[in-house]
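Structure record follows, encoded as structure tokens.
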Amino acid sequence: MKKVARPFILLLSIIGISLLHYLTPLNMPYLHDIYQRLYYLPIILAAIWFGFRGGLTCSLVVSIAYAPHILFQWGGEIVVEIEKYLEIVLYNIVGAVTGLLAQRERERSIELQKTAEGLKASYRTLEQQSERIIAIEEQLRRSEKLSTLGEMAAVLAHEIRNPLGSIRGTAEILRDDYKLGDPKHEFIEIQIRETERLNRVVEDFLHMSRQQPMKLHQCSIQSELEMIITLVSSDAKNRHIFLELQAHPLDAVFRADGEKLRQAFLNIVINAIQATPPGGNVIISTELRDENTPNAQYNIRFRDSGSGIDADTLTKIFEPFYTTKPDGTGLGLAIAKKIIESHGGALLVESEPGHGTTVTVTLPIQKDATGGKL
């Protein structure tokens, strides 16, 4: 729009000033002096807008428009003619010089803009590198924690696990000496439950600290999820929580460690159930993406209707030992993430306070790894 409007404005201004010259009587020389100076306005504008060529072209157009006025209306007075011819020369000098300066300024602005864009790109690159460095530092911190866990787990397995087994066995023998309803029977039941809980903590330490070899075999995601539903359905029912599996019509079957995947899924589902109030729901859904490409992915989403997780807590949920539960170990999600990543997948948690939480597990599958359906 500007490319059309600007030449049109310049042309109209030259025509208007020229008409003022031609229509004003010669006995008003002071007006002609003013009109003569007005020609500089379109010349300077053209130079600013279009550079050297624009300024020079406009000054030539002005010269052509002004020359007949000198020849035919002021003719005969040589002194006057020389002065006005010199004015025409000045038009062209002003147009050329102003256009040249404006063009250089424009070129400099373009160079500065390119430099600014280069700096912006460099800033983005530095920002990305900074994010990668932060991520690497986070991995190093996690590795240090896991290294410490490895040393602790060896001691725990020897010094705590065996005594726990002895304590539980003794408690079970003592429980048989008291009838159901006896206060001592109830105390022994508490002792057994707490012993089991401590044993689970030791097991979690072992899973986090030791790189367990994976036993790969053909594994059906849907079958594993159905087994998880069976395992936790009783707990969900007792908590008055609606639990449902919404499976994709195409099941993903690929080589994986089914037991480890089951453990990861179980940790996620248990967290979802514990975070959901009575009357809420936990929905597990599956989705097959890019099924006709070598980069096919299987997404498993665990959505709960709990209170959600705030942004600060969301950044810490995968840290070992971080938990918001009074009886939690802070290892469930860390173990799940480690298992999923060992299968080449990814685990993403999205949450908003008051709107529940969605945990998405993405597993890569081969083109021929969906039971021959891809």
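Only one of the numbered conditions (1) touching a helix residue (DSSP H, G or I) at 6+ places or on another chain (Cβ under 8 Å); (2) assigned to a helix (DSSP H, G or I); (3) modelled with pLDDT under 90 is not met by E341, and that is (1). Selection of first residues in segment 350-361 that are more than 15 Å from I340 (Cβ to Cβ) and of second residues that are in a loop (DSSP other than H, G, I, E, B) and of a type in the set (D, E), restricted to Cβ pairs under 7 Å at least 6 apart or on distinct chains, gives the following pairs, ordered by first then second residue: P353/D310.
How about segment 21-31: which of its residues are part of a helix (DSSP H, G or I) and either in contact (Cβ under 8 Å) with a residue 60 or more places away in the chain or surrounded by fewer than 19 Cβ atoms within 10 Å (Cβ to Cβ) (or both)? Before the answer, list the steps.
Quick first cut of segment 21-31, residues part of a helix (DSSP H, G or I) only: 21-23, 29-31.
Hits for segment 21-31 are Y22, L23, P29, Y30, L31.
A residue that is surrounded by 12 or more Cβ atoms within 10 Å (Cβ to Cβ), at pLDDT below 90 and under 12 Å from A46 (Cα atoms) occurs nowhere in segment 105-119.
For segment 60-69, check the following and say yes or no: at least one residue is in contact with a Lys or Arg (Cβ under 7 Å, 6 or more places away or on another chain), at pLDDT 85 or above and part of a helix (DSSP H, G or I). No, there is no match, as no residue in segment 60-69 is in contact with a Lys or Arg (Cβ under 7 Å, 6 or more places away or on another chain), at pLDDT 85 or above and part of a helix (DSSP H, G or I).
For L45, the conditions (1) closer than 17 Å to I14 by Cβ; (2) not assigned by TED's automatic domain parsing to the domain that holds G16 all hold with the exception of (2). Candidates are the residues of segment 235-274 that are at pLDDT 85 or above and of a type in the set (G, A, S); the one that is surrounded by the fewest Cβ atoms within 10 Å (Cβ to Cβ) is A236.
Output yes when any residue across segment 94-103 is assigned to a helix (DSSP H, G or I), closer than 21 Å to L10 by Cβ and of a type in the set (S, T, N, Q), and no when none is. Quick ask: steps written out before the conclusion?
Our first condition is that a residue be assigned to a helix (DSSP H, G or I); within segment 94-103, this holds for 94-103.
In the following step, the residues that additionally are closer than 21 Å to L10 by Cβ were identified as 94-103.
Right, trim to of a type in the set (S, T, N, Q) and you get 98, 103.
Among the residues of segment 94-103, at least one is assigned to a helix (DSSP H, G or I), closer than 21 Å to L10 by Cβ and of a type in the set (S, T, N, Q), which makes the answer yes.
Listed conditions (1) in the same structural domain as S13 (by TED's automatic domain parsing); (2) assigned to a helix (DSSP H, G or I); (3) at pLDDT below 75 are all met by G76, apart from (2).
State all residues of segment 267-303 that are small (G, A, S) and either more than 19 Å from H343 (Cβ to Cβ) or free of Cβ contacts under 8 Å to residues at least 60 places away in the same chain (or both); if no residue qualifies, say none.
So in segment 267-303, the residues small (G, A, S) come out as 272, 275, 279-280, 285, 296.
A272, A275, G279, G280, S285 - these are the residues of segment 267-303 that are small (G, A, S) and either more than 19 Å from H343 (Cβ to Cβ) or free of Cβ contacts under 8 Å to residues at least 60 places away in the same chain (or both).
The values are calculated or read from the model by the stated rules, or taken from the named source; none is laboratory data. It should be emphasised that the depicted structure is a prediction, and the values quoted were computed from it without experimental measurement. Using ideal geometry, Cβ is built from the backbone for each residue, glycine included, and neighbour counts are taken over all protein chains shown.
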